[in-house]
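Colleague: Structure provided below as structure tokens; questions to follow.
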Amino acid sequence: MMFGLAPELLFLEVNIGNGAVIGANAVVTKNVPDYAVAVGVPAKVIKKRFSIEEENLIKSSAWWELDIEDAKQVVLNSKYKKDKV
């Protein structure tokens, strides 16, 4: 993907991973891995959203290929769903 501050000022080629979250007004100058949270100027990864095991479960579920009701069931029945106790 191509991202830039303005077409005539700056263009950088960076990859933003699946499920990554980019903070408001962040300037992404480096690749952001899957399921990471990046913030700041320049953007830095501050944490991963899931453990490696949880990422693998999400990726192997292929929820994005399912219809909406089946995808909901994957989330509701998955091990990576965090219980709010």
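Colleague: Tell me, what HN-Hα J-couplings in whole Hz come from the Karplus equation 6.51 cos²θ - 1.76 cosθ + 1.60 at θ = phi - 60° for each residue of segment 42-51, using x for Gly and Pro?
Modeller: Running phi through 6.51 cos²θ - 1.76 cosθ + 1.60 with θ = phi - 60° gives x, 5, 10, 6, 9, 5, 9, 6, 9, 6 Hz.
Colleague: Could you sort 36-47, 62-73 so that the peptide with the highest average Cβ count within 10 Å comes first and the rest follow in order? Before the final figure, lay out the partial values.
Modeller: Numbers: 36-47: 15.3, 62-73: 10.3.
So the order, starting with the most tightly packed, is 36-47, 62-73.
Rule-based calculations on the coordinates, nothing more; no lab input. Remember, predicted model here, so these are calculated numbers, not experimental data. Using ideal geometry, Cβ is built from the backbone for each residue, glycine included, and neighbour counts are taken over all protein chains shown.
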